[in-house]
1. Which one of Asp118, Asp105 is within 17 Å of the chain's Cα centre (by Cα) and either crowded, with 23+ Cβ neighbours inside 10 Å or in contact (Cβ under 8 Å) with a residue 24 or more places away in the chain (or both)?
2. From Tyr91, Tyr126, Tyr155, which residue is of a type in the set (Ser, Thr, Tyr) and farther than 26 Å from Tyr197 by Cβ?
3. Quick check on my filter: what residues within the stretch 161-204 are among the aliphatic types (A, V, I, L, M) and surrounded by 22 or more Cβ atoms within 10 Å (Cβ to Cβ)?
4. Just to be sure I understand the filter: pairs with C-beta atoms under 6 Å, separated by 6 or more residues or on different chains, first member in the stretch 208-233 and exposed (fewer than 15 other Cβ atoms within 10 Å of the Cβ), second member assigned to a helix (DSSP H, G or I). Which pairs pass?
5. Within the stretch 185-198, which residues are in contact (Cβ under 8 Å) with a residue 12 or more places away in the chain and more than 18 Å from Lys231 (Cα to Cα)?
6. Out of the stretch 72-94, which residues are within 20 Å of Glu112 (Cβ to Cβ), free of Cβ contacts under 8 Å to residues at least 12 places away in the same chain and surrounded by 15 or more Cβ atoms within 10 Å (Cβ to Cβ)?
7. Does Ala10 satisfy the condition of being in a helix (DSSP H, G or I), exposed (fewer than 14 other Cβ atoms within 10 Å of the Cβ), modelled with pLDDT of 70 or more and not polar (S, T, N, Q)?
8. When the residues of the stretch 234-251 are narrowed to those that are outside any helix (DSSP H, G or I) and touching a residue at least 24 places away in the same chain (Cβ under 8 Å), which ends up farthest from Leu178 (Cα to Cα)?
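The values are calculated or read from the model by the stated rules, or taken from the named source; none is laboratory data. Because the structure is predicted, anything quoted here is derived from the model rather than measured. No Cβ is skipped: glycine too gets one built from the backbone with ideal geometry, and neighbour counts run over all protein chains shown.
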Amino acid sequence: MTDILIYAAAGFMVWMCLDCIQRREHFVWIIIMIILFPVGAFAYFFVVKNRVGGSKSGSSPSITPIRREVETEETLQLKELIGKHHKAYHYEKLGQAYIEQKKFDQAIPQFEEAIQRDPEMLEARYGLAKCFHGLNKYEEAAVALEKLTAIEKKYDYGNAIFGLAESYRLAGNEEKALETYREVINSFHFFKAYYHYAQLLDKRGKKQEAIDYMKSIVGSSKDLPDYKLEKERFWIDEAYKFLKKNGIELA
């Protein structure tokens, strides 16, 4: 009888371990179940499985499972490091991990904490702006990028100030968008910046200026290497469409 109980307890523990892996619960639970055999398995059952899974009777309608935020090994390790050291670096890395998962709401407080602890951490400021942009909060993204570019105007090879121009445009602040696009165009050769700058000029009745900038896109494209040409192809084609629509035919 004793052997049967031991086998049953072992089987139950294996079942709970598999459940723990499937749910991606913290690996500490498996250690607890092995060390505290068989008590650990029963503890897991009542604390995790029974709470999350619930029970279903045959006559009950289907129950929507409780949604749980799945943490990866990376985010769990970073949270552990944050708990021990509270360093800006770890907050920033946790924010980046959440960005990769498109969990912008969860990333924002990590970047904000990193900035609070180290105002010179530009990666955190850039990550915060990306989160706001990903949530379509363009005004907030612009504010974050204003602070970043005030410290380092050419951050990320000009992509930060270009993002600022884009945020202004998407937020409906066309005056600041025009001003910032001009800065981008004067220092960098982003065809997308030329295109949207020209569109804003056209919107303000400056048709010839808009045409000239669209022509510059097409003209510059002829000197691009193949890899760069492929990357900019969409904006080159859009410039051609704009020119054709306005009666400009290019050879």
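1. On the way: Asp118 fails: within 17 Å of the chain's Cα centre (by Cα).
Just a single option satisfies the conditions, and that option is Asp105.
2. Details: Tyr126 fails: farther than 26 Å from Tyr197 by Cβ; Tyr155 fails: farther than 26 Å from Tyr197 by Cβ.
Every option except Tyr91 fails the conditions.
3. Step one: of the stretch 161-204, the residues among the aliphatic types (A, V, I, L, M) are 161, 164-165, 170-171, 177-178, 184-185, 193, 198, 200-201.
Once the filter is applied, which keeps residues that are among the aliphatic types (A, V, I, L, M) and surrounded by 22 or more Cβ atoms within 10 Å (Cβ to Cβ), the stretch 161-204 yields Ile161, Leu164, Ala165, Ala177, Val184, Ala193, Ala198.
4. Sorted first by the residue in the stretch 208-233, then by its partner, the pairs are Glu209/Leu201.
5. Let us first name the residues in the stretch 185-198 that are in contact (Cβ under 8 Å) with a residue 12 or more places away in the chain, namely 185, 187-198.
Residues satisfying the conditions are Ser187, Tyr197, Ala198.
6. Leu81
7. Details: in a helix (DSSP H, G or I): yes; exposed (fewer than 14 other Cβ atoms within 10 Å of the Cβ): yes; modelled with pLDDT of 70 or more: yes; not polar (S, T, N, Q): yes.
Yes: the conditions hold for Ala10.
8. Here is the first cut: in the stretch 234-251, the ones outside any helix (DSSP H, G or I) are 246-251.
Right, trim to touching a residue at least 24 places away in the same chain (Cβ under 8 Å) and you get 246, 248, 250.
Values: Asn246: 22, Ile248: 24, Leu250: 27 Å.
Ranking the candidates gives Leu250 first.
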